[in-house]
Amino acid sequence: MAKDSAYKIPRHVAIIMDGNGRWAKKRLLPRKAGHVQGSRVAEQICEDAFDLGIEYLTIYAFSTENWARPQDEVDALMDLLRKYMKDSIERSSKNNMRVTVIGDISRLAEDLQESIRTLERVSANNTGLKFQVAINYGGRDEILRAVRKLSTRVAAGELSPEDITEEVFYSYFDTAGMPYPDLMIRTSGELRTSNFLPWQLAYSEFYFTDVLWPDFNKKELQKAIDFYNGRDRRFGGV
Ligand code: FPP
């Protein structure tokens, strides 16, 4: 697509990085090798997204349902996340990226929680890409946690039910303060959203590609943005 002045770059892109296991299987490698390659691609795509002018990037690294995978795969994913958080503490000052984790991190190992908190703190004032990593994230769980916090305030008499507008409710979400995603990308051919940002994706454009996540790259991201430019977003209007 010609990149004229009307060409729109989505402000916030959300990605379901699917297909790591199939990528590994095709190469007769253990599933873990697919996740290792997938995490490299996740790192690279942050740079590519920022180059293309995307402000917010949110990726689904580990869902509330992923605990049901075999223990050695869960351990491998946790180790990758551990390494990512540790390495990013230094890296974020070089690439100016703000990293936050969304999801309920209280179930994660204490050392991983500590690295996450450190990374969030040291990168909080960075002005480059705003990168959200969803870990032990489930959209229904996020809504329930928001409802619990809200209802505690209502029960304490600090808030009346009539004051609960969309803005007030959203301020209790893990992504509070961030614009809703304009574009959701899912790799590897599955056509579902798997409990990822159900509230936030209500009006997003969805782009599905057969490309497996470990094969995803800047060219594929550009294709997704081209697709987004072909959409007519009406937000319920005409
Ligand atoms: C889906 O592939 C992918 C996941 C469940 C995990 C995604 C995690 C990473 C890419 C690595 C961690 C990220 C960072 C930022 C360090 P799948 O295993 O369901 O693939 P399959 O459907 O082909 O089996």
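The values are calculated or read from the model by the stated rules, or taken from the named source; none is laboratory data. Because the structure is predicted, anything quoted here is derived from the model rather than measured. Positions of Cβ are generated from backbone atoms using ideal geometry, with glycine treated the same way; all protein chains shown enter the neighbour counts. For accessibility, only protein heavy atoms count, side chains too; no ligands or nucleic acids. Shrake-Rupley method; radii C 1.70, N 1.55, O 1.52, S 1.80 Å.
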*Can you list the strands (runs of 3 or more DSSP E) found entirely within the range 123-238 that contain at least 2 residues being closer than 24 Å to Leu108 by Cα?*
130-137
*Residue by residue through the range 24-35, note down the ones that are within 10 Å of the ligand (Cβ to nearest atom) and either under 16 Å from Gly128 (Cα atoms) or open to solvent by 10 Å² or more (accessible area, probe 1.4 Å) (or both).*
Lys25, Lys26, Arg31, Lys32, His35
*Could you tell me whether any residue of the range 78-87 is more than 9 Å from the ligand (Cβ to nearest atom) and part of a loop (DSSP other than H, G, I, E, B)?*
no
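Residue-wise test of (1) acidic (Asp, Glu); (2) over 30 Å from Gln71 (Cα atoms); (3) near the ligand (Cβ under 10 Å from one of its atoms); (4) assigned to a helix (DSSP H, G or I).
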| position | (1), (2), (3), (4) |
| --- | --- |
| Asp4 | yes, yes, no, no |
| Tyr7 | no, yes, no, no |
| Ala14 | no, no, no, no |
| Arg22 | no, no, yes, yes |
| Gln37 | no, no, yes, yes |
| Arg40 | no, no, yes, yes |
| Glu47 | yes, yes, no, yes |
_Qualifying position, being crowded, with 16+ Cβ neighbours inside 10 Å and either farther than 21 Å from Leu197 by Cα or in contact (Cβ under 8 Å) with a residue 40 or more places away in the chain (or both), among Gly53, Gly38_ = Gly38
_Residue count for the range 137-162, restricted to those that are over 30 Å from Ile15 (Cβ atoms), open to solvent by less than 80 Å² (accessible area, probe 1.4 Å) and out of contact with any helix residue (DSSP H, G or I) (no Cβ under 9 Å at 6 or more places or on another chain)_ = 3
*Take the residues of the range 175-194 that are within 16 Å of the ligand (Cβ to nearest atom) and open to solvent by 40 Å² or more (accessible area, probe 1.4 Å): which is nearest to Glu55 (Cα to Cα)?*
Thr193
